[in-house]
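The values are calculated or read from the model by the stated rules, or taken from the named source; none is laboratory data. If you're wondering where the values come from, they're calculated on a predicted model, not measured in any experiment. We place every Cβ from the backbone using ideal geometry, glycine too, and count neighbours over all the protein chains shown.
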Amino acid sequence: MKVTGFTFIRNAVKFDYPVSEAIRSILPVCNDFVVAVGNSDDHTEELIQSIDSQKIRIVNSIWDDSPEMKKGGKIFAAETDKAFQAIPEDSDWAFYIQGDEVVHEKYLDPVFSAMDKWKDDGNVDGLLFNYLHFYGSYDYVGISPKWYRNEIRVIKNDKSIYSYRDAQGFRKGDNNKLNVKPVDACIYHYGWVKEPKMMMDKIKNASSFYKDIDWIQKISYGDAYDYSSIDSLSLFSGTHPGVMADHIKRKNWTFDHDMSFNRLSARYKAKIFLKKYLGINTFYENFRIV
């Protein structure tokens, strides 16, 4: 069984993306790794080159900054597809990881076993992961329904599969959802854990790629991001992936959340009630479990 990892990245150093940690977290189960490195204003390419020159292959890319590609984060899907299309034909699986996502080492064996188990099953297009969304600091995770709980991160090397919307997940053929098997593994998402000024810089940059998304455009832009606007968080009691140790040591700000201020909107409470007590799922799901 051959597994190729893939991702895309641009300005990782400038906006403090843990992309090195992301790649290194899944590299042990990958035979090789394709990284689409966009035209950056920093030393992103050198950072990627420093990880593992034996396994990693860089595909240089110039991002399409046209207005059309800045609708709904479409450019991120396009860059994901560039990396996926560069994966060799002899690879069985493609393991996708974004620049702010990391897999704990304890999950590598279950993921590898699942890939081996479903490799030859033509009815399985990919593997579905659970998610932990860290917010404000490495001590809190988002628990409101607005955070997506599952997404596809391992797919068959089938070039009819493509990145969907803003690269959150995948579809195939004529906009068909992928058939997936859940895997006992979790993606640790660190996209909302940065020093407040760096977080604001990242959001300002990201907003230019989401010209038609209301909630991003409505953010009050200042010198630093205000983490206190979150609705509901929970304390994280587990351990972080080993590759994140140095990154976490560099944390130089304080964020504390008062649990008594946790709040959910009536709409989200209704969604939870319908799913828990009536078995009616009204949450968005970009996959089909088989």
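Whether any residue in segment 139-149 is surrounded by 16 or more Cβ atoms within 10 Å (Cβ to Cβ), modelled with pLDDT of 95 or more and over 16 Å from the mean Cα position of the chain (by Cα) is what I want to check. The answer is yes; a qualifying residue exists. Taking the criterion of being within 27 Å of VAL154 (Cβ to Cβ) and either aliphatic (A, V, I, L, M) or without any contact (Cβ under 8 Å) to a residue 12 or more places away in the chain (or both), the residues of segment 51-81 that qualify are ILE51, SER53, GLN54, ILE56, ILE58, VAL59, MET69, ILE75, ALA77, ALA78. Is it fair to say SER53 is of a type in the set (Ser, Thr, Tyr) and in a helix (DSSP H, G or I)? Answer is no for this residue.
Residues checked against (1) part of a strand (DSSP E or B); (2) touching an Asp or Glu at 6+ places or on another chain (Cβ under 6 Å); (3) crowded, with 17+ Cβ neighbours inside 10 Å:
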position	(1), (2), (3)
GLY5	yes, no, yes
SER20	no, no, yes
ILE23	no, no, yes
ALA36	yes, yes, yes
PHE84	no, no, yes
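Scanning segment 21-50 for residues being closer than 21 Å to ASP201 by Cβ and touching a residue at least 40 places away in the same chain (Cβ under 8 Å) gives a total of 3. Could you check, for segment 58-73, whether at least one of its residues is part of a helix (DSSP H, G or I), aliphatic (A, V, I, L, M) and closer than 28 Å to LYS106 by Cβ? Within segment 58-73, not a single residue is part of a helix (DSSP H, G or I), aliphatic (A, V, I, L, M) and closer than 28 Å to LYS106 by Cβ. Only one entry of ILE248, ILE272 meets the criterion of being out of contact with any helix residue (DSSP H, G or I) (no Cβ under 9 Å at 6 or more places or on another chain), modelled with pLDDT of 80 or more and assigned to a helix (DSSP H, G or I), and that entry is ILE248. The set of residues in segment 182-200 being in contact with an Asp or Glu (Cβ under 9 Å, 6 or more places away or on another chain), crowded, with 19+ Cβ neighbours inside 10 Å and in contact (Cβ under 8 Å) with a residue 60 or more places away in the chain consists of ILE187, TYR188, HIS189, TYR190, LYS194.
Scanning segment 1-15 for residues that are over 15 Å from the mean Cα position of the chain (by Cα) and closer than 23 Å to VAL193 by Cα turns up ASN11, VAL13, LYS14, PHE15.
Hey, can you tell me all the residues within segment 133-169 that are in a strand (DSSP E or B), over 13 Å from GLU285 (Cβ atoms) and out of contact with any Asp or Glu (no Cβ under 6 Å at 6 or more places or on another chain)? Give the steps one after another, and end with the answer.
In the first step, residues of segment 133-169 are kept if they are in a strand (DSSP E or B); the result is 133-135, 140-142, 150-156, 161-164, 169.
Filter again for over 13 Å from GLU285 (Cβ atoms), leaving 133-135, 140-142, 153-156, 161-163.
Within segment 133-169, HIS133, PHE134, TYR135, TYR140, VAL141, GLY142, ARG153, VAL154, ILE155, ILE161 qualify.
Considering only segment 86-132, state which residues are in a loop (DSSP other than H, G, I, E, B) and either at positive phi or aliphatic (A, V, I, L, M) (or both). Listed by number, the residues that qualify are ALA86, ILE87, ILE97, VAL124.
Can you confirm whether ASN175 is surrounded by fewer than 15 Cβ atoms within 10 Å (Cβ to Cβ) and within 19 Å of the chain's Cα centre (by Cα)?
Details: surrounded by fewer than 15 Cβ atoms within 10 Å (Cβ to Cβ): yes; within 19 Å of the chain's Cα centre (by Cα): no.
So ASN175 does not fit the description; no.
Might you check whether a residue that is within 24 Å of MET199 (Cα to Cα) and at pLDDT 95 or above occurs anywhere in segment 117-131? The answer is yes; a qualifying residue exists.
Here segment 189-213 is the region considered, the condition is being aromatic (Phe, Trp, Tyr) and in a strand (DSSP E or B), and the residue that is modelled with the lowest pLDDT is TRP192.
Restricted to segment 90-125, and to residues that are among the hydroxyl-bearing types (Ser, Thr, Tyr) and over 13 Å from ILE155 (Cα atoms), which residue is surrounded by the fewest Cβ atoms within 10 Å (Cβ to Cβ)? Don't jump to the end; show me each part of the working.
First pass over segment 90-125, keeping only residues among the hydroxyl-bearing types (Ser, Thr, Tyr): 91, 96, 107, 113.
Subset that is over 13 Å from ILE155 (Cα atoms): 107, 113.
Details: TYR107: 21, SER113: 12.
If we take residues in segment 90-125 being among the hydroxyl-bearing types (Ser, Thr, Tyr) and over 13 Å from ILE155 (Cα atoms), then SER113 is surrounded by the fewest Cβ atoms within 10 Å (Cβ to Cβ).
Picking from residues in segment 152-172 that are crowded, with 21+ Cβ neighbours inside 10 Å and among the hydrophobic types (A, V, I, L, M, F, W, C), the one that is farthest from the chain's Cα centre (by Cα) is ILE161.
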